[in-house]
Amino acid sequence: MKKTFQLTIALCFVAFYFSFTIVAQTDWAVPSKYKNLRNPIINQTDFAEQGKKLYNAHCMSCHGNMGNGNGLKATTLTTPFRSLSAAEVQNQTDGEIYYKIVFGRNEMPNFERRIPNEEERWLIINYIRTLKN
Ligand code: HEC
């Protein structure tokens with residue numbers, strides 16, 4: 001009986017911890033200055049191949065080749081992250097995605113210096129749009 005009680009308490013803590021991390025993940029506030037940034041190379045699909053190359057070089061190790069989080073490094077990460085094809089990501093503005101890529105958070109690296117070229121950042125964002133389910 002005592003064991004069952006202890007187990008219940010332990011499960012409550014686990015459930016609390018997970019609900020907390022899910023809330024933390026979705027609550028990634030993007031300053032309004034970035035939210036409505038204009039994508040300068042929108043609709044230029046002929047650059048898709050370049051975006052894919054950049055994505056594969058910088059992002060695939062964690063996010064996987066189709067953005068679904070099955071990259072080689074993914075199993076070593078403790079920060080939960082969504083598939084980039086998920087509606088929760090695709091429904092964000094280009095500016096929101098830009099902000100998250102450039103500044104990072106937790107185990108999502110900061111790419112300010114690693115991808116200093118503005119155009120390359122937007123090419124990656126355009127490529128992420130092609131991963132939509
Ligand atoms: C070292 C592993 C790693 C690499 C490399 C990486 N990411 Fe991430 N990424 C993460 C993690 C972990 C999160 C979740 C961060 C959080 O919520 O605190 C994340 C979150 C994101 C998000 C936010 C998704 C959401 O749910 O709102 C986007 C967009 C993103 N990454 C795009 C990229 C792009 C584009 C690249 C390459 C330029 C990249 N990431 C490289 C680990 C990585």
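The numbers here are math on the coordinates, done by the rules we state, and not lab data. On a predicted model such as this, the values are computed, not experimentally measured, just so you know.
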Region 74-100 versus region 104-133: alpha-carbon centroid distance in Å: 10 Å
Cross-link table LYS52/LYS132; LYS33/LYS100; LYS73/LYS132, entries beyond 18 Å C-alpha to C-alpha: LYS73/LYS132
Cross-link partners of LYS53 among aspartates and glutamates (Cα-Cα below 18 Å; sequence separation of 8 or more within a chain): GLU118, GLU119, GLU120
